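Bear in mind that the values in this text are calculations on the coordinates, not laboratory data. Given the structure is predicted, the values throughout are model-derived calculations rather than measurements. Neighbour counts are summed over all protein chains in view; Cβ atoms, including those assigned to glycine, are modelled from backbone coordinates with ideal geometry.
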Amino acid sequence: MGTGGLHLHPMFITIANIDCDIRMKTSSHAWECVAYIPIVDADTFPMHSDFTSILHDRVWHACVDKVVASLKVAAQYGRMMADPRGDLRLAHTLLVGWIADLPEQLMISAVSGACSPSSMATTKGFGDGKVYPPRTGQYTLSKIRALFTNGIDPWDIPRWLNASKAAGLSGVHQPFWRDWPFADPSRFLTPEILHTVHKFFFDHPLNWCKVRVGQPELDARFISMHRRVGFRHFSTGICRVKQLTGREHRDIQRTIVPAIYGAVEPDFVSAMSALIDFFYQAQAPVFTDGSIDDMVRSLELFHSKKQIFLTSGSRAGKRGGMEHFNIPKLGLFPGFAFAIKEMGAIFQYSADVSEKLLGTNAKVPFRSTNHRDFEEQCVRHLDRRDKIRFFHLYTTLKFNGASLQNIISVAKPTVTTLHPASEWLSHVVPGEDRRLGAPRSIRNFFCEQDNIDAQIAHHVTKRPDLPSTTIAAIAVQYQLHDIPAAIGDYLRGVPFDNRLSPRCLEDNDHLPFRFVDLHVWHKFKIQHIASLQPNLILPAQTVKAVPPSISHPWGDCDAVRCELSEEQTKRAC
């Protein structure tokens, strides 16, 4: 983290058995900043860049070694710790996962940039799509011991560095995980979604599309796309933007395949579609053997089609076209299936959380200091902030006579909350949860309808946009002259298959209802339950149905995809 020439490298820790939905929300306070790791500055220590790099890595490992020393002892022998009920339990603190981008993974695993931090793949094998054996910690340690056996002094930097490069090592001679029981970089270095997937897409596949389609044409296609509420519309295109957030990377991925369709070869579209499918499948919250196989097949399809990026000249750098796919992040994708089977869903191991924590635990405290000896001031800031938060929670509970024990309620709420303190207070002291800085809760529209077993909930405002409008006027304004017949078919229960041909207009007298006026809304909200997490209600999305106007001659309407059962299809309008 850069702060005007000054640097902080915070280190965060959490407990692996906390639910991932809670752990991924920084407002849940599931992470703790345990250290500020010093950074070796090349300006402070002027030397060759290779020497600066090895010194930086060694300092980092030495500092982390001190920070986690007690965790190593507890992992080996166990330590009595109190659980949420106050009962003592013997706990072993094993290193389960470490969220880091590729450069940090290389530093942690103590291997060179020409190797994969988690597998035996090297530069020439990054783009072949093969699944390589894991690069175990014992294998790396054996390489380091071999250098000692050959009589090379680790502080004879030039000689040690040359020998390390030849062995595929970074030059670190004492990795912090060397004596941590069961700690293995090939297992605890989890795939990181933000940089490995989204940043990779922005740096490579998106550039291939820019080269092949042409920047003006690609910008024009994104500018002409339909605007949707809740999603960014790139009104100036995407090619001139130098820096985007992870959310904007996701927005581009949603539409990149239809955006390039018709402007590139079919194989180009197939390869890009397979890669995007792989990205989406890798971020699923729940996996089965079948879904993992589907993800692997998508990656295999991409590799079978990827030659089109070379033959079309799309994969190009500053010096022109390239004839290889030796991209380090691409070499990490074949290991996703193994990581999912070992660690569970990998969407929870994203640096989105650490990037947010970087601001709240480093940047914000730094701004409160006098910029001199700021490390200690930042630590005091974090300590006092936590004390204030706990004091407020304690006084709120005591003032209202509530229990200080957070006993899980048997009646679990329908909506899964992402803020434990907020959920606790909402049960024992209703209304006080908002004062703890909890995120805005998701409005549950299912509670506002009669059918409690429904999978879809709809919501409209109290006041319609067009109150008490005749059906004939609606047909004229929306330029849909078969609305009367469509309403009649719906109320009569005419099956969908019988309405494939144009409807015949009928007089209002023949419609199966007596009223002639309707309320019309130009937009409504639709909410549904997550298909893979039945206890999670997703945020509502806005659907527009705006009639034609001067600004929108053909109207401004959103498309909605419906999946109906056979029985529902017969009754669908």
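Data table
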| item | result |
| --- | --- |
| Debye, to nearest 20: dipole size of region 205-326, +1 on Lys, Arg Cβ, -1 on Asp, Glu Cβ | 680 |
| L90-N535 pseudo-label distance in nm [points 7 Å out on the Cα-to-Cβ vector] | 3.0 |
| Using a Förster distance of 35 Å, the FRET efficiency for A472-C562 (Cβ separation, nearest 0.05) | 0.80 |
| Which of Q215, V131, G168, positive extreme of dipole for region 90-246 (C-beta unit charges) | Q215 |
| Two-site FRET efficiency, T311 against R240, from Cβ-Cβ distance with R₀ of 30 Å, rounded to 0.05 | 0.60 |
| Spin-label model distance (nm) - S403 vs N150, 7 Å beyond Cα toward Cβ | 6.4 |
| Unit charges on C-beta of K, R, D, E only; dipole of the chain, Debye | 1040 |
| Separation of alpha-carbon centers, region 511-563 and region 170-243, rounded to whole Å | 32 |
| Local electrostatic count, M120, Cβ distance below 11 Å [Lys/Arg +1, Asp/Glu -1] | +2 |
| Equivalent ellipsoid semi-axes, region 108-222, via Cα gyration tensor eigenvalues times 5, rooted, Å | 37, 16, 12 |
| Fully extended contour minus Cα-Cα distance, from F347 to K318, at 0.36 nm per residue | 7.1 nm |
| Packing-based exposure ordering (other Cβ within 10 Å, fewest first) of L301, L147 | L301, L147 |
| Residue-span extension gain [Y394 to I456] - 0.36 nm each, minus C-alpha spacing | 18.4 nm |
| Kirkwood hydrodynamic radius of region 180-296, Cα pairs, Å | 15.9 |
| Cross-link table K66/K329; K210/K305; K199/K525; K130/K165, entries beyond 27 Å C-alpha to C-alpha | K66/K329; K199/K525 |
| Cα extents of the chain along the three principal axes, largest first (Å) | 100, 72, 48 |
